[in-house]
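Have a look at the structure below, then the notes.
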Amino acid sequence: MKEKQEAFLTLYEPVHERFERFCRARVYGEMDFRDLMNDSLVVAYEKFDSLRSKEAFLSFLFSICVRVLGNYHQKKRENRIPEGNSHLDIWDRNANPQAHADIHYLYEALAQLSEEQRECIILFEITGFSIQEITVIQNASESAVKQRLKRGREKLMGILTYESSLKTAASHG
């Protein structure tokens, strides 16, 4: 038992920050990222013996995290979008107002993408995974991942450019 704990922690400690960033980005406004991390780590520890390769540990965590979040969504489907705009608030003591606004609009735009595109962009752009790593996590071909990235970026650009033009027009009108 002690050996399993030590082996798990040895693999987890170097990837903790990347895993936390992934969880923060995936749950924005839907649940507390720490809950997702804890639930995912519990499942990962329980299934640790099924890990085939130590090099795949982070992918193993992400796959579990995606499943845990999917189960959460399935359970909460009827109450997924909270009333009001409280789910759009970002709290960060160190953020300047402009960064706060930019992050707010980015997350609003990400929420408009399909689940696969959003996850792909978060994995690639925010968490720093390679396309090959994402193919494993998303269980998709390399061309499918590249398409998701391309289409997701195009949609984000359109959303953010359109919203930016609306804000500019409103401030001048």
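Every test in (1) surrounded by 13 or more Cβ atoms within 10 Å (Cβ to Cβ); (2) in contact (Cβ under 8 Å) with a residue 40 or more places away in the chain; (3) out of contact with any helix residue (DSSP H, G or I) (no Cβ under 7 Å at 6 or more places or on another chain) is passed by VAL15 save one, and that test is (3). Consider the stretch 43-63. How many of its residues are in a helix (DSSP H, G or I), touching a helix residue (DSSP H, G or I) at 6+ places or on another chain (Cβ under 8 Å) and under 16 Å from GLU6 (Cα atoms)? Residues flagged as in a helix (DSSP H, G or I), touching a helix residue (DSSP H, G or I) at 6+ places or on another chain (Cβ under 8 Å) and under 16 Å from GLU6 (Cα atoms) within the stretch 43-63 amount to 6.
Where a number appears in this text, it was derived from the coordinates with a stated rule and is not lab data. As the structure is a computational prediction, the values presented were derived from the model and not from experiment. Cβ atoms come from the backbone with ideal geometry, glycine included; neighbour counts cover every protein chain shown.
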